[in-house]
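The values are calculated or read from the model by the stated rules, or taken from the named source; none is laboratory data. Computed from a predicted model, the values in this text were never measured in an experiment. Backbone-built Cβ (ideal geometry, glycine too); neighbour counts: all protein chains shown.
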Amino acid sequence: MNRSIMHIDLDSFFVSVERLTNPKLIGKPVLVGGTSDRGVVASCSYEAREFGIHSAMPMRMARQLCPDAIVIRGDTEQYSYYSNMVTDIVQSEVPLYEKTSIDEFYIDLTGMDRFFGCYKLAGEIRQKIMKETHLPISFALSTNKTVAKVGTGEAKPNGQKEIPIGTEKIFLAPLSIKKIPMVGDKTYQTLRDMGVVWIRTLQEMPAELMEQVLGQNGRVIWKKANGIDNSPVEPYSERKSISTERTFDKDSIDVSALKLLLISMTEKLAFQLRSEEKLTACVTIKIRYSDFNTFTMQARLPYTSLDHVLMEKAKELFDKLYQKRMLIRMIGVKFSHLVQGSYQYNLFEDSVTQIQLYQAMDKMRLRYGKDAVGIAAGLGVKHNDFNPFNGLRS
C-alpha cells in the first residue's frame with residue numbers, strides 16, 4: 001500500500017501569534033527574539049525576509065538589514081498555548097501523528113483515502129486549524145516525510161500542495177539543494193564546491209560518490225534527493241517531566257559538596273532537555289533527611305533549557321528548603337511543565353556567543369559522552385564517586 005504522509009507547518013509561528021494580539025503588526029516587517037544587539041532572531045515575518053533576514057541571525061545584523069523592523073521579545077507561554085491548541089485538533093482528527101517541533105507535524109493518512117480522499121481530508125484538517133486558532137498554516141501531501149516537508153516549503157505562505165505518487169523526483173529536480181532536509185550550511189558549501197546547485201544534479205550522481213564525499217549521510221541525502229524516504233511517522237507522546245535523585249550511603253551535612261552534586265545533576269538534566277528539544281517552566285528540588293522526612297519545593301520560571309538559569313533556580317530552592325544542622329539522606333531535581341520546541345535555547349534572552357557555547361558543549365557530549373564537558377563548578381562530580389563527608393574523590 002502506498003503511503004500518504006501530510007506535513008504541516010504553522011507559518012512564521014511566533015510572528016503569527018503576536019499578530020493575533022496586535023493586528024497592527026500585519027503587513028509589517030516583524031522580528032521576534034532578543035531585543036538587544038546581542039540577541040538572536042527567533043522568528044521573522046515574510047516582510048522581513050525580503051530584506052535577507054532569517055531565523056538564528058544576530059539581531060544586530062537583522063536591524064542593519066531592515067532598520068524599520070519592529071522587534072518584539074518572545075512570549076514562550078503564548079506560543080506553547082497555541083501549539084497545544086493545534087496538537088489537540090490534530091489528535092482529535094487522526095490516529096497517528098508526530099509532533100517534531102512547536103509548530104511542525106507529520107500526519108500519516110495512509111488508508112484513509114478509502115473513506116474521504118487523503119488530500120481532501122488534509123485540506124479539511126488545515127481549515128479546522130485555521131478556523132479555531134486563526135493562525136496561517138501550510139501543508140503538503142506526499143508518499144513520504146521528506147517530499148512532504150519540501151512540499152510544504154513550496155506551498156508557503158498559507159497554502160497547500162499535493163505531490164502525487166510517481167512525481168516525487170520530477171517535483172524535487174528543479175529545486176535548490178538547500179531544500180533537502182539534512183543539507184546544512186557546511187554540506188551545502190561542500191556540494192557547491194563540487195558544482196552542485198540543483199537537486200536534479202544530485203539525482204544524476206552515483207550514490208557511491210555521495211557516500212565517498214559525505215560519508216553515510218551522503219547516501220541518505222542522495223535518497224532524499226531521489227524522493228526515497230521510508231522513515232515512519234513516530235507516534236507522538238508529550239513527556240511531562242524528567243528527574244534524577246541521589247541517595248547517599250551515609251547521611252551528609254556537607255552543604256558545599258551537596259551543592260556541587262546538585263549543580264552536576266541539574267546540568268545533566270538540562271542537556272537531556274536540549275537533546276530532546278524541550279523546555280521546562282518548573283524546577284522542583286527534593287530533600288530527604290536522615291529521619292526519612294521528605295520535603296519538596298518548586299518554582300515557576302520562563303521556559304528555558306539553559307544550564308546557568310536552571311542551576312541558579314535549583315540552588316535558590318535548595319537554600320530555601322534546607323534546614324541547617326540536619327543530616328541529608330537524599331536530594332533530587334525535577335523539571336516539569338515541559339513543552340516541545342523547534343529552538344533549543346531561549347533565543348529571546350541570550351547572546352549569539354552564549355548559544356554557540358552551549359551548542360559546542362552539547363556536540364562534545366553527544367560525541368564523547370555526557371560527562372565529556374561541563375561547567376567548572378560541576379567538573380569532576382560523578383554521582384557514584386560522591387562522598388558526602390569527604391567531598392569529591394579524585
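Working only within segment 53-85, note down all residues that are of a type in the set (S, T, N, Q) and closer than 23 Å to E277 by Cβ.
Selection gives S55, T76, Q78, S80, S83, N84.
Would you confirm, using the coordinates I've provided, whether T110 is in contact (Cβ under 8 Å) with a residue 12 or more places away in the chain, under 16 Å from I5 (Cβ atoms), surrounded by 18 or more Cβ atoms within 10 Å (Cβ to Cβ) and not basic (K, R)?
When the stated conditions are applied, T110 does not pass them.
Those residues that are modelled with pLDDT under 90, within 22 Å of K149 (Cα to Cα) and surrounded by fewer than 17 Cβ atoms within 10 Å (Cβ to Cβ), I need them from segment 59-103; list them, please.
N84, P95, S101
Could you list all residues from segment 22-35 that are surrounded by 19 or more Cβ atoms within 10 Å (Cβ to Cβ) and either of a type in the set (V, I, T) or within 25 Å of A281 (Cβ to Cβ) (or both)?
Selection gives V30, L31, V32, G33, G34.
Which residue is nearest to K145 (Cα to Cα), if the candidates are limited to segment 8-34 and must be in a helix (DSSP H, G or I) and not aliphatic (A, V, I, L, M)?
It comes out as F13.
Pull out all pairs, ordered by first then second residue, where Cβ-Cβ is under 8 Å, the residues are six or more apart or on different chains, the first lies in segment 218-235 and is not assigned by TED's automatic domain parsing to the domain that holds M6 and aromatic (F, W, Y), and the second is surrounded by 13 or more Cβ atoms within 10 Å (Cβ to Cβ) and in a helix (DSSP H, G or I).
Note: pairs meeting the criteria are W222/L202; W222/A207; W222/M210; W222/E211.
Specify the residue that is modelled with the lowest pLDDT; the eligible residues are those in segment 13-24 that are out of contact with any strand residue (DSSP E or B) (no Cβ under 6 Å at 6 or more places or on another chain) and not hydrophobic (A, V, I, L, M, F, W, C).
This residue is T21.
Test E50 against the stated conditions and say whether it is farther than 30 Å from I165 by Cβ, acidic (D, E) and out of contact with any strand residue (DSSP E or B) (no Cβ under 9 Å at 6 or more places or on another chain).
Here the answer is yes, as E50 does meet what is asked.
For residues that are among the aromatic types (F, W, Y) and in contact with a Ser or Thr (Cβ under 8 Å, 6 or more places away or on another chain), tally how many sit in segment 32-86.
2
So which of L306, L310 is at pLDDT below 90, buried (at least 17 other Cβ atoms within 10 Å of the Cβ) and in the same structural domain as L269 (by TED's automatic domain parsing)?
Just a single option satisfies the conditions, and that option is L306.
Return yes when G227 is in contact with a Lys or Arg (Cβ under 6 Å, 6 or more places away or on another chain), surrounded by 13 or more Cβ atoms within 10 Å (Cβ to Cβ) and within 30 Å of D193 (Cβ to Cβ) and no when it is not.
Yes: the conditions hold for G227.
Given the conditions (1) free of Cβ contacts under 8 Å to residues at least 60 places away in the same chain; (2) of a type outside the set (A, V, I, L, M); (3) over 27 Å from V150 (Cβ atoms), which single one is not true for R49?
The one condition R49 does not meet is (3).
Can you tell which of G153, G159 is under 26 Å from the mean Cα position of the chain (by Cα), small (G, A, S) and under 24 Å from K223 (Cβ atoms)?
G153
What are the residues in segment 65-105 that are free of Cβ contacts under 8 Å to residues at least 60 places away in the same chain and among the acidic types (D, E), if any?
Across segment 65-105, the qualifying residues are D68, D75, D88, E93.
Would you please name the residue that is surrounded by the fewest Cβ atoms within 10 Å (Cβ to Cβ), looking only at residues in segment 36-58 that are polar (S, T, N, Q) and closer than 18 Å to D11 by Cβ?
Per the criteria, the residue is S55.
Scanning segment 256-297 for residues that are of a type in the set (V, I, T) and loosely packed, with under 15 Cβ neighbours inside 10 Å, which turns out nearest to the chain's Cα centre (by Cα)?
Only one residue tops the list, namely T296.
This table checks each residue for (1) exposed (fewer than 15 other Cβ atoms within 10 Å of the Cβ); (2) modelled with pLDDT of 95 or more; (3) not in a helix (DSSP H, G or I).
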| residue | (1), (2), (3) |
| --- | --- |
| P157 | yes, no, yes |
| K161 | no, yes, yes |
| K169 | no, yes, no |
| K186 | yes, no, no |
| L191 | no, no, no |
| E211 | no, no, no |
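If the Cβ limit is 9 Å and pairs must be 6+ apart or interchain, which residue in segment 293-312 that is under 14 Å from I331 (Cβ atoms) pairs with which residue that is among the aromatic types (F, W, Y)?
Pairs that qualify, where the first residue is under 14 Å from I331 (Cβ atoms) and the partner is among the aromatic types (F, W, Y), are F295/Y289; M297/F318.
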